[in-house]
Amino acid sequence: MDASNRTIGAWFAVGGCLAILIPLTAQAQQPKLRATVGAYYFDGWAGKSERWQADPAWTGLKPPTHLTKRMIEEFADREPIWGWRDDSLEIMERQIDLAADHGIAFFAFCWYWNKDPGKLAQDPKHTGLNLFLKARNNHRLKFCLLVANHAGYLFQDADEWRKAAEGWLPYFKHPQHVTVDGKPLVIVFNPSNGDKDGFAQVQAAARKAGLPGVATAGCGGGDARLGFTHTTHYNIVPGYAGTSEAHKYAELVQAHERAWRGSRDQPYLPTLSVGWDKRPWEGDRGLGQKPGWYFPDRTPEQLAAALESAIAWMDQHPDQTTAERIVLLYAWNEFGEGGYLAPTKNDPDGAYLKAVKRVVQRTGKGNPKAKRILFLGNSITLHGPSAKIGWTGNWGMAASAQERDYVHVLAESIARTSGSPPGVRIDNIADFERQYDTYDLDAMLKKHLDFKPDIVIVAIGENVPALGSEDAKTKFKGSFVRLLTAMKRNGQPDIFVRSCFWPNKAKDDILRESCTAAGGIFVDIGDLGRDESNFARSERTFAHAGVAGHPGDKGMKAIADALLGAMERRGR
């Protein structure tokens, strides 16, 4: 659609804020697959429980291997809508349809080694995998293996890896097996149990069978010299062996976000925990496990925001992840540990599955929409004239003109693509950065209550004093979370928080964590500040070094593009 006839409406200033109204034009939107989402599948819901055999009331239930009395007595709401057992073809086919209908691309089945071929074949924890291969609708979902080589299932030598690989070949050659770079994907739970010679034999067996090799991802790491081609996680659990304490689900998400990093040579498959609460497996009426932290306040909305964050990370770091854009969710059915997407008695309509579907199948790229956008920032967002530093503009420092700062570039982009005109309000809240512990949030919020933004973009951090102590970090995080949650309560706007233009790990970690806690979208622009061409000093001469160190026109456009991309991915 021709956007050449767009016009810019009147600009006006009110008490340090700027407001604009921009007529917009519409543009068609095409759906796009945003990520390849896999879910770990643990089959502790087949076979026979060996516990409490002297209790006829228990044995009469025909409990599967990992059901416990605590699950039935205290956590009965976790029972799947099909019951505690999943060992029928009908139930597997039902699960395949549920997963495929809600944006899940594959199951990663937990697989357990045993050098005894008979015991390997009879392991009830392989029931789900075997049923999947028999399912009439398995063409709707792909699969791969998570080699659960933890205590009791460790490989002893390279020959055992070779024997396992020979057994995996039929899976690898199955048309529904997940591939990365054309190679079947195998995820290894315990990378320290990896074996260089063993992995070499796995690769050799695959090539002998006509395959191009195997993509081997280590959970929590994996030495490339041993043969790990990728890294990922099964899950990340702060306080796993701590005391029994309730913590925020946001803390669980943040622990995963901090682990998202890879390289071109060893890409990372980002992982998210749907939840964690293993109390049903703790104590004498569980599996005898020791207490640890649990995270009981999870919601579908928080999961959706976390998945958005994972997708945004892949968008921003394509050189650190797979071309297939794989995200792994822990888990489909870890009912005992509290990580499950599958519908249960407490979630019969599948709210968590619907959350995944909304994110993965969301369309809107190229057509961000907003009625009102509030920008909260510092000098990069808005700075009035100052003779002392030689700055004459009344816009984002240090763009060469008002229309070239990131606020106006972003507004212009939305004007070209959206079908309704947004109002835009801009507020410099550098005082909050410098005095976050005493800043009057209520006064700031009152100023914007009448505006009722549906999008809030927060671009701060650069002026926050160095966070050299844990106390300072805690205070800044607490203040920033209060700011974001207060904005969220005012009309439930979508919140986008960008990282510092001048990268600072301590500050950026808190910005990210606070954004996640508030259900916002974090936009990492750290790479922009590492590129000298994005600074104003690369474009023209300034008398003041501080002004010169701000983003120039190129840097401003890059910031706007990063925010626009996040809005597009969000469906705005």
Using only Cα atoms, locate the centre of segment 231-283 and the centre of segment 173-228, then give the distance between them in Å, rounded to an integer.
-> 23
Please report, to one decimal in angstroms, the Kirkwood hydrodynamic radius of the chain built from all distinct Cα-Cα pairs.
-> 25.8
Based on a Kirkwood Rh over C-alpha pairs, give the Stokes-Einstein translational diffusion coefficient of segment 406-545 at 4 °C and viscosity 1.567 mPa s in µm²/s.
-> 79
Considering only DSSP beta bridges whose two residues both sit in segment 416-572, what percent are antiparallel, to the nearest 5?
-> 10
Ignoring ligands and nucleic acids, what accessible area does Arg207 show with a 1.4 Å probe (Å², nearest 10)?
-> 130
Of the DSSP beta bridges with both residues in the chain, give the percent that are antiparallel, rounding to the nearest 5.
-> 25
Segment 492-572, Kirkwood Rh and Cα Rg, ratio Rg/Rh at 1.04
Of all DSSP beta bridges in segment 113-227, what percent run antiparallel (nearest 5)?
-> 20
Under a 1.4 angstrom probe, counting protein chains only, how are Lys505, Lys278 ranked by accessible area, largest first?
-> Lys505, Lys278
Of all accessible heavy-atom area on the chain, the percent that carbon and sulfur account for (1.4 Å) | 51
Heavy-atom accessible area per residue - the chain, 1.4 Å, Å² = 41
Just how much of Ser88 is accessible, in Å², when a 1.4 Å probe is used and the result is rounded to the nearest 10?
-> 40
Gap separating the Cα centres of segment 504-572 and segment 58-112, nearest whole Å = 45
Which sequence of Asp101, Asp181, Asp43 reflects their accessible areas, 1.4 Å probe, from the largest down?
-> Asp181, Asp101, Asp43
Segment 46-133: which GluC sites (Glu not before Pro) are DSSP loop and have at most 12 other beta-carbon atoms within 10 angstrom?
-> Glu50
Taking the dipole of segment 454-572 about the Cα centre (Lys, Arg +1; Asp, Glu -1; charges at Cβ), the one of Ala506, Gly552, Ser533 that reaches farthest to the positive side is Ala506
Take the alpha-carbon positions of segment 315-437, form their convex hull, and give its projected area averaged over all directions (one quarter of the hull surface) in nm².
-> 13.5
One finds, for Ala351 and Glu90 with R0 = 22 angstrom and r their Cβ-Cβ distance, a FRET efficiency to the nearest 0.05 of 0.40
For the chain the mean separation of alpha carbon contacts under 8 Å (6+ apart) over residue count, i.e. relative contact order in percent, is 16
Compute, for His408, the solvent-accessible surface of its heavy atoms (probe 1.4 Å) with the complete set of protein chains present, and express it in square angstrom to the nearest 10.
-> 10
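The values are calculated or read from the model by the stated rules, or taken from the named source; none is laboratory data. Quick caveat: nothing in here was measured; it's all calculated off a predicted structure. So basically every Cβ, Gly included, is an ideal-geometry build from the backbone, and we count neighbours across all protein chains shown. To get the accessible areas, we keep the full protein, side chains included, count just its heavy atoms, and leave off ligands, DNA and RNA. Shrake-Rupley method; radii C 1.70, N 1.55, O 1.52, S 1.80 Å.
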